[in-house]
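Beneath this line is the structure, given in structure tokens, with notes to follow.
The values are calculated or read from the model by the stated rules, or taken from the named source; none is laboratory data. Keep in mind it's a predicted model, so treat the numbers as computed, not measured. Heads up, the Cβs are rebuilt from the backbone with ideal geometry, glycines too, and the neighbour counts pull from every protein chain shown. Ligands, DNA and RNA are stripped out before the accessible areas are found, and what is left, the full protein with its side chains, is counted by its heavy atoms. Shrake-Rupley method; radii C 1.70, N 1.55, O 1.52, S 1.80 Å.
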Amino acid sequence: MKNITASPSIRTVAETKTPDRNWREESGVGRGFAIVAALVLAQGVPSVAAADRAATSVAAGPLFIGGVGGVYFLAEPGELVIDVEKRDLNRRDVRTELRAILAGPDRRVRQELTIPDDGRPRGSGLGPAQRVRLSIRVERKGVFVLNVTVSQDRYGQEIVWGFSTNCPKYLIETARGHKDERHQEPIVLASPGRAADVCFQPRREAFGLNLAGMPAGVAAPQVYDADGTLLATLGVKGQGEAAHEFAAAAVRTATPWRIHFPSAQATVNIDGVTRWEARDLHPDLACWTPDPASWFPLLENRWLLSPYHRRAGGTPGDQPEIAFQVRNDSDRPRTIQLALEFPAESWSAHVVPESVALAANQTKTVLVRGTVPAAGRDRTVHLRATPSDDRGYSTYSTLTLRGATAPAAQSLVLPLVLKPYQHENEQFGHWPDFPEENQAYFDLNNRPFVRTGAGVSECREGQWTVAPAGTSPLGSKVAFDRDNNVYVLAAAGRAPALLCSSDGGKTFAASAIPGRERPPRAWEIEEFTGHNIPDGPPPILRYTQTARDEKLFWRSLNDLELFLPRREGGRIVFGEPILITKQCIGLASHSGIPASVVSRGDKVHVVWGEATDPGGKVAGVPAFVVTYDRTTGRLGKPALVGYGAPANDLHNSPSITMDSRGYLHVLGGTHGKPFPYARSLQPNEAGAGWTEPVPVDGNNNQTYIGLVCGPDDSLHAVFRLWRYNTEPFPASAHATLAYQRKRPGRPWEAPRVLVVSPFSEYSVFYHRLTLDRRGRLFVSYDYWSTYWFYRNDHPGRRRTMMLSPDGGDSWKLALTSDLQ
């Protein structure tokens, strides 16, 4: 039997109150009409399995097609109605609740409805239809979005769902959850016995089309252009397969193209539509429609105007300039017209400029200038963007100014619960005024530095400047020595190099790192974690993959080498690298940025995880620590300090720090298990024994360590923590960003959740924990959902930063003024 709890057939999800409710707009509820189409997902298989075919084939019923994801509607003023239907396939023992979110062009959530699991047992086949109706009043033209997700089913394999609408212009984006492989979004048709079309925008370059899983005896599918000209007839062979190659063309006229299926059962893959190369104009966007009349030019206008919504607070009478980005996603020059629309009476606001000329794939900034209203009042204006070459397409963003200090200036009431399309700015009026590309590090004078793609940004008297630093960053860390020199790793030309600034980050000079025949996979530099300040250039680690396990995806062998650069006659020189191990499993540093090396005086301490024999029984990835003594030139004996479950998993990178007395502290890396913790028995020495490893907290599901040590020797950790079948997602699991502390001489405290994800299923926060020279904690993070539809909706990342001024007791969203 499926593990199902009772729930209502339809429910409206109400919005949660924030610390200042006036910073959030209410959602509305409306009515609609009957369902006429449906979607089915079959991921990784050519068609619906034979065992399910009879159940899912409806004689005169809906068209079943593939992929969770969503739909874009180019809606005119008036009533917008969308009906959504769901039927469970009941293949597995999972609770499948469909979540339908309707948001406006400014991504204000207008309505959210849920269709529950049908409660039927596994293996019972296609369940009864359940329907919800979304209906809103469209006040002004723009692109609305319907976002569909399913609990415990990020690929949509356990349900069929569908939609109908009174909006004549719409496009589907097939968008499943992520996999650790090349991104593909095959279109799956699963309605044998009826005709159907797949309409798409073809590449201009040569491309291939592949069909699979078509029923025996089916008539040949045909490809037409928008004028109805027959372009190809696809002969069906073998196990219902067909393929065709289309030559390149300087111009593709009469688009979209249309594949006509006499019997709608097939898995469809199209180069540039469901699978992509780097040269594709619209990678990762699997946009199509079953109706050529519904096509509209979404792709070339996909991120025409962003952000979709800005909230800002200020002193009444101030006239802030709020930046918006205008982007041309086409392959030709275009001009975009801009205008302001007031939902009520007009007020003093204008946009500069009112017209933007953009080259192909170019982005430019425009400014909306407005006057902050009286205390406690809001003023709203909509910024409209319309391409000069296509007046039929138009959408808008929204700006709200409030006469008040934004809630972001105050301490947060934890946890910070992100909502779909409502993150830190929408809820708290927070907008980073610092380089948010990476985490902040602080020099000995407590000035902040951030590694960016353009170089190294540093702040002086509240103003950020950037200095070029190599042609390509090798990691995001910034290091400092006792003379307050600044160091980063980067490519200088084609060679890896240590870049050093002796003038406070104004200029950088490169020193090439000795190379090796096989290119390295990762680099690491010693950064400040609380009580380690190198006397000279920081130690460097090089990770070079030498073998990969074809049977275990996350297992590989790497040479781990230590470089100890030094100054000689005003220049930095490198000796031969010191081989630490040939069994290192690698380094996972996109989240947590675990510290792999700390030093004090002439002692350098390195921690790593090792790959083990896959045929043996091991508790997890073994974490080893070793000490190198610069004075004697000796590498000590590696000390095993604990195991992080599961074994042979690259995610399980350990992290090391040291306290004020020099004792070493290590958290073993895990992938969904409690971190094991151990401390050295002697200060500044890894080879003199360690405490028995103990889990930091019960059975909590922890991954991706960020670890530092405060001025009072308290340990601070930030990590991803999974929660199961609890609010706000009682039907499934969801990820949180959590914090945990260990005061000196005390056990680890219970984890405290900092951020809750806006969607269930897989998520990651790309979090990085640092601290400044005063001991304040800084967590840079960027919520990343498994669902491509949600991630694709926002151009770029959503990284921001929060800080704790009091050792983890309270937290607030950071601004440049907090980094001084």
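The set of residues in segment 332-344 that are surrounded by fewer than 12 Cβ atoms within 10 Å (Cβ to Cβ) and farther than 18 Å from Ser397 by Cα contains only Arg332. Here the condition is being over 16 Å from Phe574 (Cα atoms), surrounded by 21 or more Cβ atoms within 10 Å (Cβ to Cβ) and touching a Phe, Trp or Tyr at 6+ places or on another chain (Cβ under 7 Å); of Phe528, Phe508, it holds for Phe528 alone. For segment 329-350, the tally of residues that are assigned to a strand (DSSP E or B) and under 14 Å from Thr400 (Cα atoms) stands at 4. In this entry, Phe789 passes the filter for residues that are modelled with pLDDT of 95 or more, touching a Gly at 6+ places or on another chain (Cβ under 9 Å), more than 18 Å from Leu667 (Cβ to Cβ) and open to solvent by less than 10 Å² (accessible area, probe 1.4 Å). Each residue in segment 292-328 was checked for being out of contact with any helix residue (DSSP H, G or I) (no Cβ under 7 Å at 6 or more places or on another chain) and not in a loop (DSSP other than H, G, I, E, B), and 18 pass. Applying a threshold of 7 Å to beta carbon distances and a minimum spacing of six or more residues, or different chains, the list of pairs starting in segment 629-649 at a residue that is within 14 Å of Leu564 (Cα to Cα) and part of a loop (DSSP other than H, G, I, E, B) and ending at one that is of a type in the set (D, E, K, R) and open to solvent by less than 80 Å² (accessible area, probe 1.4 Å) reads Arg630/Asp602; Thr631/Asp602. With respect to the numbered conditions (1) surrounded by fewer than 23 Cβ atoms within 10 Å (Cβ to Cβ); (2) under 21 Å from Lys419 (Cβ atoms); (3) without any contact (Cβ under 8 Å) to a residue 60 or more places away in the chain, which one is the sole condition not fulfilled by Gly104? Going through (1) surrounded by fewer than 23 Cβ atoms within 10 Å (Cβ to Cβ); (2) under 21 Å from Lys419 (Cβ atoms); (3) without any contact (Cβ under 8 Å) to a residue 60 or more places away in the chain one by one, Gly104 breaks only (1).
At pLDDT 95 or above, among the aliphatic types (A, V, I, L, M) and over 30 Å from the mean Cα position of the chain (by Cα) - does that describe any residue in segment 620-630?
Within segment 620-630, one or more residues are at pLDDT 95 or above, among the aliphatic types (A, V, I, L, M) and over 30 Å from the mean Cα position of the chain (by Cα).
Scanning segment 531-582 for residues that are part of a strand (DSSP E or B) and charged (D, E, K, R) yields a count of 9. The criterion of at least 1 residues that are under 33 Å from the mean Cα position of the chain (by Cα) and surrounded by 13 or more Cβ atoms within 10 Å (Cβ to Cβ) is met, among strands (runs of 3 or more DSSP E) falling completely within segment 204-281, by 207-212, 257-261, 264-270. Give the residue that is nearest to Glu112 (Cα to Cα), with candidates limited to residues of segment 717-738 that are open to solvent by 10 Å² or more (accessible area, probe 1.4 Å) and touching a strand residue (DSSP E or B) at 6+ places or on another chain (Cβ under 6 Å). Looking at the filtered set, the residue picked out is Ala733.
Taking the criterion of being touching a residue at least 40 places away in the same chain (Cβ under 8 Å) and closer than 16 Å to Thr233 by Cα, the residues of segment 208-219 that qualify are Gly208, Leu209, Asn210, Leu211, Ala212, Met214, Val218, Ala219. All but one of (1) open to solvent by 50 Å² or more (accessible area, probe 1.4 Å); (2) closer than 19 Å to Ser655 by Cα; (3) in contact with a Ser or Thr (Cβ under 9 Å, 6 or more places away or on another chain) hold for Asp602; state the number of the condition that does not hold. Result: Asp602 fails condition (2) only.
Residues that are hydroxyl-bearing (Ser, Thr, Tyr) and closer than 22 Å to Phe73 by Cα do occur in segment 370-388, at least one of them.
Of the residues contained in segment 674-690, one or more are found to be surrounded by fewer than 24 Cβ atoms within 10 Å (Cβ to Cβ), among the basic types (Lys, Arg) and in a strand (DSSP E or B).
Taken over segment 658-670, the residue count meeting the criterion of being surrounded by fewer than 24 Cβ atoms within 10 Å (Cβ to Cβ), touching a residue at least 60 places away in the same chain (Cβ under 8 Å) and not acidic (Asp, Glu) is 2. For segment 471-530, the strands (runs of 3 or more DSSP E) that sit wholly inside it and include 2 or more residues that are of a type outside the set (Ser, Thr, Tyr) and closer than 20 Å to Gly592 by Cβ are 486-492, 522-525.
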